[in-house]
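Before any comments, here is the structure.
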Amino acid sequence: MFEFIFKRNGENAGVAPAATETAPSTAAAASAERREQQTRQAAALAGDEAAAVALILQSEFAGVRLQAAEHVRSLPQLEQVLQAMRNTDRRVAKLMQGRLDAIRYHEAEQRKAAACLELAARLLADEKLTPNQVAELDRQWRITSADAAQADSYASQRAALDARLQAQMQLQRQTIDALAALRQLLQAGPDQAVLEAAIASHTADYQRCEQAPEHAALPRHLLSDYAAALQQARAAMAASASAAPVAAPVSAGTVPGATAAAQTGTVADGVGAHDDAASAAPAAGAANVAQVSSQPAPAGKSGAAGASRAAKPAATDPQFLSTLDALEQALEQGLLHAAAEHDKWLKEHKSRLSPAVTERLNHLRAELKRLSDWARWSGNVSREELVKVVEELPALGLAMSELAKKVGSMRERWKALDAVSGHAPRSLWERFDRACTTAYAPAAAHFKQLADERHANASKAQALIEETRALAQAAAEGVDLKNVAAAGQRLRQMWTRLGAMERKEKRKLEQAFDKALGQLLAPLTQQRKIEVTRREQLIQEAEQLQPGERHVLDLLKRLQERWQEQAKALPLERKAEQALWQRFRAACDAVYNKRKEVAHAADHERKAHLHAREALCAQLETATFSGDEKAQLAAIAALLRETASAWQHAGIVPRAAEARISQRYQAAQAQVQAQADAIRRRSGAAQANALRDKLRLCQSLETSLAQGVAAADGASAAQWQERWSAVPKLGGEYEKALVGRFNAALALLGGDAGAYLAQLEANRRRLRDEVLRLEIVAGVDSGSEFARERLKMQVEVLQSSLKSGQKPQSATAAYLQLCAMPALADERTVSRIEALFRRIGGGER
């Protein structure tokens, strides 16, 4: 954490600044070239997964890897890239993981769709197809995403299932309608011919129902009721055929009652044979009493007694009537269990009933039997489904806890069916019990193994407690506390890794272990309190350090060393150690952060100075000057003075940028100075040309005077003056010297110029000597014809300078003297003078 404090400043001293500046630029150029090349490779992949994977694995650029990852689609390649990029490139790994999840989800959905198709095929092959099975199939298909082929296959199978369910419904509806029509025909009491034709038609319908493909799906009691109704119709037809003509009126009146009694007896089957017979007898007696009372009563005492008995109403128990009402309400609400309880009470508590109450009771019991038969049939179907589900549990591979819950829920559903639909057949129950036992066997073995593991863990816990007690006794006699701390931590870890135990036993063992461990760690706890106090003192010393002190880092280093020594001598508890360390670290970080702030402020100031110097360099680099040459030179001089002064006052810059910014400043300064030099050279060249032209003009005027070519009138003088004015004006003493020489010659135009001409001729030799002397001083070659004179002149110049002890005349004074001397000159001398001015005159100007 504090390595920066002890880092030596000279570690990077041997690195050359040029190398440190050149290496990053070269590496950056190579990196940019590699990135461009790999980007072109990624753009040219065109779906080549192998090349894309190779590029991803070898590329060091995240953008290139992501671009190449767009071409990876297959499962093996995705897994390879994901494994390689999991801890390297999060974007590529996330893209690969998303595509893998999509592929796996698609495969899972296809497996679910295949399972639905397999289930649909099994349902089509099953003889007893039920609507709830199809509904469950639809529910599973709705939560499945299938492809087009699977969807088409499922649609065809589902249409076949719909056709079977429709056929079942039509067959069941036809059977119910036929049974209701037959019962209605029996109640109507038709003649012999109508009854015989109806029996033949219903017999044919019954045979078609038995031979229908979906006859196995019909409720069991429905065909039996249909067969019983046919048998009853045949019996009624036989009774009607064998009856005597005299008894016909009586039988015609009693057939409906008998039919009702038979129907009641048929409906009452299954509720209780003895109780139904007992309850049917009063109903039949009541019906006979009603029929006899409708005939004229015989005269006499017996007729009067019968009339008096018939006139007395039958008194019914109010509780019986309320229970009957409860039975009716339970049937209306479909509560078969409650209805059966009410019916049982009515059978146990017999009472005198009126014909209306008896008829109502018989009707309710017939309805109870019908609903019970339906419930029994549906219950058996549900039980068969439960058996199938339980038999398929071992193949599902469920977790043990989930398997146990599933088997328990199946048994609870079986009990619920017993309460609603009555008891199941013994064979079906034995089959269900065997299936549950077989399915639960792995869970039972698993739970037994867990119980054995809990007992083994309890034994291990007891052994660990004994070991802790032994260590506590040894610690009381005197043991290294550091070893005690390590032993306590090891024992705690071993205790947490013991595993599950019985709840009651675990509580006792935990109490015993805590007690033994407390005895073991008691001396350690006391010593740790002392160590906490020492650590607090170190924290206070660290907090009292002043960041501005010179040796604060050395003090901080010694505090850290003392902390490490104390931590190694006796470690504290993890939480206490962490809390104290956080406080000590915060105190050390405060010192570091304060010094870091100072360093950052200095760095910021250096960067500000660097920006200021960069601005000065930019000002010099972009400087432009306008105006004449003199104004430009003045502006350049002022700019150089100002930038030099600002550069000196800008302050220090970062060491890494010092050489670079100095080189830039010197280059910018040289650039501006080069502009000034160029201006001076141009100005000097212009002055030299003007000096040459004016000197030539003077020489031409003097030569004209010597030759007598000039006219005596004023027009010639004006022309010479115009030619003089056309030449640019010189600067300094040169203009004055040449103007005096020109005016002196111009004044003699048209006058007596003898004395002046003599002076011109006299100065011819002097002019050549002066030119030779200047060539010697300037180092200009005089020509081979002047070699002897040049050598002689050099000796004279040297001797005169040694004798006088004075400094030689300056070049400017010599040039001024040469320009002011009126003398005649030949072409050779004129060319030598111009050579001098080209060589030296421009620099002087």
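The values are calculated or read from the model by the stated rules, or taken from the named source; none is laboratory data. None of the values given here were measured: they were computed from a predicted structure. Note: ideal-geometry Cβ built from the backbone for every residue, glycine included; neighbour counts use all protein chains shown.
Things to note:
- Residues of region 477-491 satisfying the condition of being of a type in the set (Gly, Ala, Ser) and either without any contact (Cβ under 8 Å) to a residue 12 or more places away in the chain or outside any helix (DSSP H, G or I) (or both): Gly478, Ala486
- Scan region 380-438 for residues that are in contact (Cβ under 8 Å) with a residue 60 or more places away in the chain and not in a helix (DSSP H, G or I) and the total you get is 0.
- Answer from Val780, Val739, Val727 - the residue that is within 19 Å of Ile833 (Cα to Cα) and in contact (Cβ under 8 Å) with a residue 40 or more places away in the chain: Val780
Every residue, every condition in (1) loosely packed, with under 14 Cβ neighbours inside 10 Å; (2) at negative phi; (3) among the hydrophobic types (A, V, I, L, M, F, W, C); (4) over 48 Å from the mean Cα position of the chain (by Cα), yes or no:
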| residue | (1), (2), (3), (4) |
| --- | --- |
| Phe432 | no, yes, yes, yes |
| Pro442 | no, yes, no, no |
| Asn457 | no, yes, no, no |
| Lys460 | no, yes, no, no |
| Ala470 | yes, yes, yes, yes |
| Ala476 | yes, yes, yes, yes |
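- Failed criterion for Ala148 (all others in (1) among the small types (Gly, Ala, Ser); (2) farther than 30 Å from Arg104 by Cβ; (3) surrounded by fewer than 18 Cβ atoms within 10 Å (Cβ to Cβ); (4) at pLDDT 85 or above hold): (2)
- Close pairs from region 651-671: first within 21 Å of Ile636 (Cα to Cα), partner surrounded by 12 or more Cβ atoms within 10 Å (Cβ to Cβ) and hydroxyl-bearing (Ser, Thr, Tyr), Cβ under 9 Å, at least 6 apart: Tyr665/Thr643; Ala668/Thr643; Gln669/Thr643
- Residue satisfying condition, being assigned to a helix (DSSP H, G or I), modelled with pLDDT of 85 or more and under 24 Å from Lys575 (Cα atoms), within set Thr525, Thr533: Thr533
- Residue in region 712-725 that is among the hydrophobic types (A, V, I, L, M, F, W, C), loosely packed, with under 12 Cβ neighbours inside 10 Å and not in a helix (DSSP H, G or I) present: yes
Yes/no per residue for (1) buried (at least 17 other Cβ atoms within 10 Å of the Cβ); (2) in contact with a Phe, Trp or Tyr (Cβ under 9 Å, 6 or more places away or on another chain); (3) closer than 19 Å to Glu214 by Cβ:
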site	(1), (2), (3)
Leu100	no, no, no
Ile103	no, no, no
Ala113	yes, yes, no
Arg122	no, no, yes
Ala125	no, no, yes
Lys128	no, no, yes
Trp141	yes, yes, no
Ala159	no, no, yes
Gln174	no, no, yes
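- Summed over region 540-551, residues that are more than 12 Å from Ala590 (Cα to Cα) and at pLDDT 85 or above total 2.
- Answer residue from region 608-630, given it is surrounded by 12 or more Cβ atoms within 10 Å (Cβ to Cβ) and over 59 Å from the mean Cα position of the chain (by Cα) and is modelled with the lowest pLDDT among those: Glu629
- Filter result for the condition that a residue is among the acidic types (Asp, Glu) and in contact (Cβ under 8 Å) with a residue 12 or more places away in the chain, over Glu642, Glu629: Glu629
- Residues in region 572-592 that are surrounded by 18 or more Cβ atoms within 10 Å (Cβ to Cβ) and under 16 Å from Asn483 (Cα atoms): Leu572 only.
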